[in-house]
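*Asks:* The structure under discussion is supplied below as structure tokens; questions concerning it will follow.
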Amino acid sequence: MRYHIGIAGAGFAGAVLARELAETGKYRITIFDERNHVGGNCHTKRDEETGIMVHQYGPHIFHTNREDVWEYVNQWGRFEPFVNRIKAETEKGIFNLPINLMTINQLFQKKFRPKEARDFIGSVGDSSIKDPKNLEEYALKFFGKEIYSTFIEGYTRKKWGVSPRELPAGLLQRLTVRFNYDDGYYDHQYQGIPVSGYTEIIKRILDHHDIEVRIGQRLDPERKRDFDHTFWCGPMDGFFNFKLGRLGYRTLHFERFIEDGDFQGNSIINFCEEDVPYLRISEYKHFMPWEEHEKSVCFKEYARPCEANDVPYFPTRLNQDIELLERYMDMCESEDKITFIGRLGTYRYLDMHAVIGESLDLAKVCQQKEIHEWPKFSADPMEA
């Protein structure tokens, strides 16, 4: 018997899972996406005016330590090496991010060697904070007031729209301090950007005789009964028509502008001062240094609360969100023949490599179990 599988969402989460299941010959898959393109928030296309490849929903740099994930994406297109080097503009100057030995020496006007810098940062942290309860306390404890006020406080308020005191300490676990001069933003072994763009990669993944792609069509939750099993990549609360209320998200909007030549000399510059309204400027010609373009296309990026018709980018996961999430998870458990997957389906802040890895892992689980035993979630939504 061949099972008919429905998938809501044609980003990496849904596309990778669809292909892995289709390859077994046991399933035919219909995948839906309400947007007019595949790729989700990784969608890329050439800018008509400049010819530069643009990441339509903000910059995406592929990075991972999982060799199987790296090998998987490379079978669908050529990736060129790319190390993301972010700069931070502050009232005290322009610095490297993540914070490294150059940042520390420049900020404090020192000439520290690695051990000296490590000891110094340890000395400026607030030792009176034993168990950080929020993002601000975490930053003050481990980085000190100068680093917190220069790089973290204003940017955090703009990105999340609340005081750092209201955000969980765990958010800063993504922020690293390096006591060397390595200025690469990620420390993963494999890093790169696809020459043909992410959308072309996903199109190739979906090019299989047992996969039907329907763009511009939403998979209505009521249609779950039409399939032997459904994988839901959309917002978890959206599956239930927001019956209990909306989980909190932040959304982004972008202001495009064109410049001659090189506008800012780097792919991304963060603006850490709170009185600068945008978070960062991305200049896309720098993401593909193997190409040459006379003009440059740039985007200012702004964050605000996500409303009903906005694209949800990243979950806020405040205390009230976690309480609501637990209630929605209980509703998920009562549903049959469905698995919630991906960034939106599990309400987590996930990078591309994590999404792909989870879909590859989930496909293996599904192949080892009977269809009625398939898990409810691709990963535990409570483990952000």
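*Asks:* Springs between alpha-carbon pairs under 10 angstrom, Gaussian network model over the chain: which of 94, 211, 129 fluctuates most?
*Replies:* Looking only at 94, 211, 129, the biggest GNM fluctuation is shown by 129.
*Asks:* Using a Förster distance of 30 Å, how high is the FRET efficiency between residue 370 and residue 331, based on the Cβ-Cβ distance and rounded to 0.05?
*Replies:* 0.80
*Asks:* Straight-line reach only, C-alpha to C-alpha below 16 angstrom: list the aspartates and glutamates that residue 243 could link to, leaving out same-chain residues fewer than 8 apart.
*Replies:* 220, 222, 307, 321, 323, 326, 330, 333, 335
*Asks:* Which helices count as membrane-span-like in the chain under these terms: full DSSP H, at least 24 Å along the axis by C-alpha, Kyte-Doolittle mean of -0.5 or more?
*Replies:* Helix filter hits for the chain: 352-368.
*Asks:* log₁₀ I(q)/I(0) of the chain at q = 0.09, 0.15 Å⁻¹, via Debye over equal Cα point scatterers, no solvent, to two decimals?
*Replies:* Values returned for q = 0.09, 0.15 Å⁻¹ are -0.57, -1.44.
*Asks:* Rank-order 61-74, 227-240 by packing density, defined as the average count of other C-beta atoms within 10 Å over each peptide's residues, highest first.
*Replies:* Order by mean packing, descending: 227-240, 61-74.
*Asks:* Under a 1.4 angstrom probe, counting protein chains only, how are 199, 24 ranked by accessible area, largest first?
*Replies:* 24, 199
*Asks:* Suppose R0 equals 22 Å; then what is the FRET efficiency for residue 36 and residue 207 from their Cβ-Cβ distance, rounded to the nearest 0.05?
*Replies:* Taking R0 as 22 Å, the efficiency between residue 36 and residue 207 is 0.75.
*Asks:* If you don't mind, another one. Pulled fully out, how much extra length does the chain show between residue 112 and residue 127, if you take 0.36 nm times their separation in residues and subtract their Cα-Cα distance?
*Replies:* Stretched out fully, the residue 112 to residue 127 stretch lengthens by 3.2 nm.
*Asks:* Would you mind telling me which residue in 283, 326, 48 has the biggest mean-square fluctuation in a Gaussian network model of the chain, where springs connect alpha carbons within a distance under 10 angstrom?
*Replies:* Looking only at 283, 326, 48, the largest GNM fluctuation is found for 48.
*Asks:* Turning to a different aspect of this structure: Can you tally the net charge around residue 289? Count Lys and Arg as +1, Asp and Glu as -1, for every other residue whose Cβ sits under 12 Å from the Cβ of residue 289.
*Replies:* Local charge sum for residue 289: -3.
*Asks:* Could you tell me which of rounded, prolate or oblate describes the stretch 15-73, using a ≥ b ≥ c as the square roots of the eigenvalues of the alpha-carbon gyration tensor, with rounded for a/c under 1.5 and, failing that, prolate when a/b is larger than b/c and oblate otherwise?
*Replies:* Judged from the Cα gyration tensor, the stretch 15-73 comes out oblate (a/c at least 1.5, b/c at or above a/b).
*Asks:* Related question: Give the accessible area for residue 121 in Å² (nearest 10); use a 1.4 Å probe, count only protein heavy atoms, and leave out ligands, DNA and RNA.
*Replies:* Surface accessible to solvent at residue 121 totals approximately 10 Å².
*Asks:* Something else about it: For the stretch 263-384, divide the Cα radius of gyration by the Kirkwood radius and give the resulting Rg/Rh value with two decimals.
*Replies:* Radius of gyration relative to Kirkwood radius: 1.10.
*Asks:* On to the next question. Quick one: which residues, 5+ away or cross-chain, put their amide H under 5 Å from the amide H of residue 53? H built at 1.01 Å from N.
*Replies:* 47
*Asks:* Something else: Can you tell me the Rg and Dmax of the stretch 86-172, counting just the alpha carbons, in angstroms?
*Replies:* Spelled out, the Cα radius of gyration and Dmax of the stretch 86-172 are 13.0, 37 Å.
The values are calculated or read from the model by the stated rules, or taken from the named source; none is laboratory data. None of these values were measured; they are calculated from a predicted model. Heads up, the Cβs are rebuilt from the backbone with ideal geometry, glycines too, and the neighbour counts pull from every protein chain shown. Remember, those area values only see protein heavy atoms, side chains included, never the ligands or the DNA or RNA. Shrake-Rupley method; radii C 1.70, N 1.55, O 1.52, S 1.80 Å.
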